[in-house]
Amino acid sequence: VGTGALALVLVALMAFASACTPRQPESRRAAGVATSDIALAAQKVYVPPGDLDPYYMFASGGHSGNVYVYGVPSMRHISTIPVFSPYPATGYGFDDDSKRMLGGLNWGDVHHPALSETKGEYDGRWLFVNEMNGRIARIDLRDFKTKQILGPVPNLHGNHASSFVTPNTEYAMMASRFSRPVPQRPVGVDKYATEYKGIIAGVKIDPARGEMSLAWQILMPPFDYDLGDAGKLVSDGWMFFTSYNTERATGKLEVTASQRDRDYIAMVDWRAAEKAVAEGRADTIDGVKVIDPNKVAGIVYLIPCGKSPHGVDVSPDGKYIVASGKLQGVTTVFNFEKLQTAIRNNDFTGDEDAIPVLKYESVKDAEVPVGLGPLHTQFGTDGWAYTSLFVDSAIAKWKLGTWEVVDKVPMSYSIGHLTAAEGDTVSPDGNWLVGLNKLSHGRHLSVGPSQPESSQLVDITEEKMKLLYDAFTEPEPHYAQIVKADKIKPIEVYPKEENKHPLAIWDVKDAGVTRQGKKVTVKMIAVRSTLTPTDFTVNEGDEVTVAITNIEQTTDELHGFGLLDYNINLVIDPGETKTVTFTARKKGVYAYYCTNFCSALHQEMQGYFIVQ
Ligand code: RUQ
Ligand code: CUA
């Protein structure tokens, strides 16, 4: 670049800066926030029209059953991926396939998205998400669609400590928050301590197709298993799960389950579990291979941990396991090497239902005084760790190894999880951190008694953390993961050659109605701007299958099929075929029409369904 050009650029930049000097709200001015700080923050998060965010953030949608996709740092909501709940906007839960996948359940409670990994790095292939009704789902990141829902799985109740994946996506994890009798049967809570069981499960993932299958379960004491994480590098081969209510209490848990000073982290040798099952040492309960620690040793150990722990997080190098007792002012760091030595030396203090309990003093490295109510820890570069503090409503920054707490930034309000860019990989990016807050009151235009959740963007590139941006994310952001955008390679259309649907058609002359007894099949084509056939007639009581192929091969040329009075709404992407099967239960004339605005003649894209 010549000096003349450089000068021009500089002039342009200065003009831009002065034109964009933000006006300060009175409150900011009163608080003495310098205009230049605001301008600086704005420039860091601002993604100009036409530019793209360098990161995707995949956030849990809690009991909406969805996953929400945001851009980072703009924090703009880009897309909603329905997973466990019907979502008319994309026709999810209305066509035959997605309806079958939902299995009659209308909701799910999504907590922890987990991107697939290769060698401990996000590989951009799949996103797994857990759900409390004992389920786990796989989203394909080629098309951002839910492809499989596994479960509700037997024996395991309340799948919260899920869906964390191992470094080569060998497994996703599941664990029971709620213990119950295994096998399932009615037993009174007075027998809770002995008759109720917890379950930890390994979900095997096919390396080529991502297909999930339930591989094994481990019968655990009736604790509430809460969060999990996979070992990596030196600790590869292990899974870690926090638990509370090791009191085995029932009733008012806020009192009864907070008696003991320590609860446990369960550490599972998943290769040993795999081996035990292969050697036939598991029992079959309700069709699942279940390992009983009373009969098989060496699979699982218990690490005593600060009272009522919540999160457990393995450091990028795999050496440290960080778990926070949520009623404490410290987070505890365990050393994987010490854990291995203790196991080798049988350095146990006792057992719980035949599971050895390690000695706290032998395996702990540090108690880091991060602040009150520590929940979750994420990592940056150079051994930096960031712990969310629910009670203090802040994030603490501290260093692995020196255990020094160097900075705190307040969150508005009551932070739960937090997520760092590439934060669960072996090499976090160390630039962005998002606090996923439970409350937001007062930081937005009022919308009545139910206020939005909030997520706050924090710059962690410098010594001091800087809060740059407030976003109001869809409920309920439990956990999220942030991945480099260039790792995700979405397709533009479903290529015609790949559509193997038996009812797909590509020429309007193949469209029409065929009948076999009371079964009627309608092959339909959707293309700008006609749904062919434009009308069809069936008899009352017929079982009707409408199979619609959108023969467009242009990206985003969606067509819908809304059938009035029949509770049917499909959306068919370019190159896709979808079916819906229903009974023609009411005589009369019903309109169907395209629900996605697709062309200038979109309003003309309509037809009639006649039941005689
Ligand atoms: S939880 S606020 Cu469902 Cu992951 Cu910690
Ligand atoms: Cu097709 Cu509107």
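How would S258, S454 line up from fewest to most surrounding beta-carbon atoms within 10 angstrom?
Starting with the residue having the fewest Cβ neighbours, the order is S258, S454.
Based on Cα coordinates alone, diagonalise the gyration tensor for the stretch 521-565, multiply each eigenvalue by 5, take square roots, and list the semi-axes in whole Å, largest first.
Working: eigenvalues 108, 20, 17 Å².
Gyration-tensor ellipsoid for the stretch 521-565: 23, 10, 9 Å.
Put one equal scatterer on each alpha carbon of the stretch 429-493, apply the Debye formula with no solvent term, and list log10 I(q)/I(0) at q = 0.13, 0.16, 0.26 1/Å to two decimals.
-0.49, -0.68, -1.11
About its Cα centre, what dipole magnitude does the chain give when the only charges are +1 on Lys and Arg Cβ and -1 on Asp and Glu Cβ, stated in debye to the nearest 20?
On the way: 60 positive and 74 negative charges, 161 e Å.
That gives a dipole near 780 debye.
Using the number of other C-beta atoms within 10 angstrom as an exposure proxy, rank K295, K289 with the fewest first.
Values: K295 12, K289 20.
So the residues, fewest neighbours to most, are K295, K289.
R0 = 56 Å: FRET efficiency of F348 with Q43, Cβ-based, nearest 0.05?
Numbers: r = 56 Å, r/R0 = 1.00.
Calculated transfer efficiency: 0.50.
Find the Rg to Rh ratio for the chain, where Rh is the Kirkwood radius over alpha-carbon pairs and Rg uses the same atoms. Intermediate results must be reported in sequence, preceding the final value.
Numbers: Rg = 27.0 Å, Rh = 26.5 Å.
Radius of gyration over Kirkwood radius for the chain works out to 1.02.
Quickly work out the D261-to-S79 label distance, labels modelled 7 Å from Cα along the C-beta direction, and quote it in nm with one decimal.
Once both label points are built, they end up 5.2 nm from each other.
Could you sort 371-377, 145-151 so that the peptide with the highest average Cβ count within 10 Å comes first and the rest follow in order?
On the way: 371-377: 24.1, 145-151: 19.9.
Ranked from most to least packed, the peptides come out as 371-377, 145-151.
Please rank W398, W506, fewest neighbouring Cβ atoms within 10 Å first, as an exposure proxy.
W506, W398
Enter the Cα centre distance for the pair the stretch 387-457 and the stretch 40-119, rounded to the nearest angstrom.
Using only Cα atoms to place each centre, the spacing works out to 20 Å.
If the limit is 23 Å between Cα atoms, which of K119/K307; K275/K295; K99/K578; K275/K326 go over it?
On the way: K119/K307 33 Å; K275/K295 14 Å; K99/K578 12 Å; K275/K326 35 Å.
Table pairs above 23 Å Cα-Cα are K119/K307; K275/K326.
Using the Cα atoms of the stretch 360-510 to build a convex hull, what is its mean projected area in square nanometres?
On the way: hull surface 62.9 nm².
Approximately 15.7 nm², given one-decimal rounding.
Where a number appears in this text, it was derived from the coordinates with a stated rule and is not lab data. What you see is a predicted model, and the numbers here were worked out from it, not measured in a lab. No Cβ is skipped: glycine too gets one built from the backbone with ideal geometry, and neighbour counts run over all protein chains shown.
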